[in-house]
Amino acid sequence: MTDSITPTQNVHQVEVAIAGAGFGGLCMAIKLQEAGITDFVILEKGDEVGGTWRDNQYPGAACDVQSHMYSYSFATSPKWTKRYAPWSEIQQYILDVTEQYRLRPKVRFHQEVTSAVFNEGTGRWTVKTAGGDTYICRHWILASGPLHVPSIPKIKGLDQFQGKVMHSAQWDHGYDLRDKRVASIGTGGSAIQYVPEIAPKVKQLHVFQRTAAWVIPRDERSYSAFSKKMFATLPFTRTLHRWRCYWTNESRVWPIFHPSLAKVGEFFLKKFISWQVKDPELVKKLTPDYTLGCKRILISNKWFPTFNRPNVELVTDDIREFTATGIVTKDGKARPLDCVILGTGFIVDPRIYMKNFELRGLNGHTIQEDWKVSPTAYLGITAANYPNMYQLVGPHTGLGHNSIIFMIEAQADYIVNCVKLLQAKGNGYLDVKEEAQNRFLGEMTQALKGTVWDSGCKSWYQTAEGINFAIWPKSTWRYWLATRKVNEADYRFVKCVGMPDTGASHLPGGQAVASPLAR
């Protein structure tokens, strides 16, 4: 397919184009710089770096992975104030890292990518943005992540409601919730954080729950002045603490792999719920009926006690419709409202949020057609028929028990090795073989069998058809081992006749890849 470029467009030649300036895109940029690859650009649709942590600023927003683990292994920080950092500290960390590695000049803001088309003759991608710019690149990296498109529920009459409506990822801090009648729709990871924070302020809070969540206690301890001083003066102690956090988290896979062990955890968590909630009927409604870990496990000390408040109502009846002034449930009860907060999460199936995205590979292949059944990619990174295209946090690399930053670093190292390998061979592009991709998918499907994710519940890890496409169903150290080296036998290497020279500097030879824990 030929590139369609008009002379009036702003056309830029670059070796590597990265879409997204969140944790993934910034990590990728740093890894490229470390390898001596400096001819790259980061295309960011927003006006600042940070991705998820730039957007999610709702009250109580925080990470559910320990701060020292939810950060780069090569940029550990002594500044964390708590075991689990609030969003503001995480965003500040991202800003600090951006300055430390001098990445800001590489970022192009307000450049949402709308199209990416591969030219087989030149071995180049033509990447276009909503701003009208075009980037011709040899390597194209999707680092937008799965948590960037808010999910807005399709409920009858929602567009007719005359009060305030906001999604948790688009929080309006200028709107005063004091003495307001508020409905919160959804009881996922965002809602369990903001609901306890806004409950004391509002006049009445109706929490609409479709499915109860397993919620475990949260370690709210702050780091002492001594600990922070030690982390600052002895950097190796940060690495040791990181190792401790890693293996603590990794131990959680055993109940996931063996659902019978999860039953033990369920027993104690049911006691936890009944201890924190006074009303026995509420206890029943707040107790999940599915296996622990089948859906995302949430962390909070404040969620359950919130329902002891006289101004908080848990609603489990389905919503029939919105009216101009409130919500009517299927039992016919009307609840007048001033504000509706959508804690409904994100669209994580790329087939949905990329349905209007033009992504064309070899021989007319489109991602919409190739992913018609389910998203898939070899190691969650490369997809057959899309040469020199890479993904961060792609299919089957999401986690339910440890830090996604660990996975991102392993993926970024792997991508750098692909770029260097291609350069060393003098080829135009590499394309993962379909048999290798199918083998990987078979391994994932087999590994999921018998786990809690295979126990029958419906979760955001799945497509609408029930296919689990998101989760890495093994220990994370096994993913690190699988991505340390590129298996050349799994790829086709093709030399292009019309490869243009962009003036990019020669890429250096191979380098050893260190563990993303031990730096």
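The values are calculated or read from the model by the stated rules, or taken from the named source; none is laboratory data. As the structure is a computational prediction, the values presented were derived from the model and not from experiment. With ideal geometry, Cβ positions are generated from the backbone for all residues, glycine too; neighbour counts draw on all protein chains shown. Protein only, heavy atoms only, side chains kept; ligands, DNA and RNA dropped before computing areas. Shrake-Rupley method; radii C 1.70, N 1.55, O 1.52, S 1.80 Å.
Which helices, taking whole DSSP H runs in the chain, have alpha carbons extending 27 angstrom or more along the helix axis plus mean Kyte-Doolittle at least 0.0?
Membrane-span-like by this rule: 404-425.
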Which sequence of W275, W243 reflects their accessible areas, 1.4 Å probe, from the largest down? W275, W243
What translational diffusion coefficient, in µm²/s and rounded to a whole number, does the Stokes-Einstein relation yield for the chain at 20 °C and a viscosity of 1.002 mPa s, taking the hydrodynamic radius as the Kirkwood radius over Cα pairs? 88 µm²/s
Two-decimal log10 I(q)/I(0) for the range 184-245, as the Debye equation yields it once each C-alpha is a single scatterer, q = 0.14, 0.26, 0.27 Å⁻¹: -0.65, -1.12, -1.17
Cα extents of the range 24-138 along the three principal axes, largest first, in whole Å? 53, 32, 22
Ranked from highest to lowest mean number of other Cβ atoms within 10 Å per residue, what is the order of the peptides 295-307, 167-179? 295-307, 167-179
Quick one: Debye curve from the alpha-carbon atoms of the range 383-424 only, equal weights, vacuum; give me log10 I(q)/I(0) at q = 0.21, 0.32, 0.33 Å⁻¹ to two decimals. -0.73, -1.15, -1.17
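For the range 207-343, what % of the accessible area comes from carbon and sulfur atoms, probe 1.4 Å?
Summing carbon and sulfur atoms, their accessible area is 60 percent of the total for the range 207-343.
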For the full complex of protein chains and a 1.4 angstrom probe, list H241, H401 by accessible area with the highest value first. H241, H401
For the range 7-50, take the alpha-carbon Rg, divide it by the Kirkwood Rh, and send me Rg/Rh. 1.03
Rg/Rh over Cα atoms for the range 133-178, Kirkwood Rh, comes to 1.19
In deg cm²/dmol, rounded to the nearest 500, the helical mean residue ellipticity at 222 nm of the chain, built from -39500 (n - 2.57) for every DSSP H run of length 4 or more, is -8500 deg cm²/dmol
Normalised per residue, the volume of the convex hull around the Cα set of the range 85-143 (Å³): 110 Å³
For the range 399-482, report the translational diffusion coefficient in µm²/s to the nearest whole number, using Stokes-Einstein at 4 °C, 1.567 mPa s, and a Kirkwood Rh over Cα pairs. 86 µm²/s
Alpha-carbon centroids, the range 109-145 and the range 232-296: separation in whole Å: 41 Å
Tell me, what is the per residue accessible area of the range 234-383 in Å², probe radius 1.4 Å? 49 Å²
Give the relative contact order (percent, whole number) for the range 256-375; include only Cα pairs under 8 Å separated by 6+ residues. 14 percent
Return P(r) of the range 21-90 (all Cα-Cα pairs; 10 Å bins starting at 0; whole %; ordered from short to long distances). 18, 44, 30, 7, 0
Surface/4 estimate of mean projected area, convex hull on alpha-carbon atoms of the range 260-390, nm²: 13.1 nm²
Below 8 Å between Cα atoms, with a sequence gap of 6+, how large is the relative contact order for the chain in percent? 21 percent
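Step by step: find N for the range 150-202, compute 2.2 N^0.38 Å, then divide the Cα radius of gyration by it. What's the final number?
1.16
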Using only C-alpha positions, report the orientation-averaged shadow area of the convex hull of the range 81-198, nm², one decimal. 12.3 nm²
So if I take the centroid of the Cα atoms in the range 45-69 and the same for the range 340-396, what is the distance between those two points in Å? 23 Å
Where in the range 49-134 are there trypsin sites (Lys or Arg not before Pro) that are in a DSSP coil and have at most 12 other Cβ atoms within 10 angstrom of their Cβ? R102
Read phi for every residue in the range 379-387 and hand back ³J(HN,Hα) as whole Hz from Karplus 6.51 cos²θ - 1.76 cosθ + 1.60, θ = phi - 60°, with x for Gly and Pro. 6, x, 10, 10, 10, 4, 6, 10, x
In the chain, which cysteines lack any other cysteine Cβ under 4.7 Å from their own? C27, C63, C137, C245, C339, C418, C496
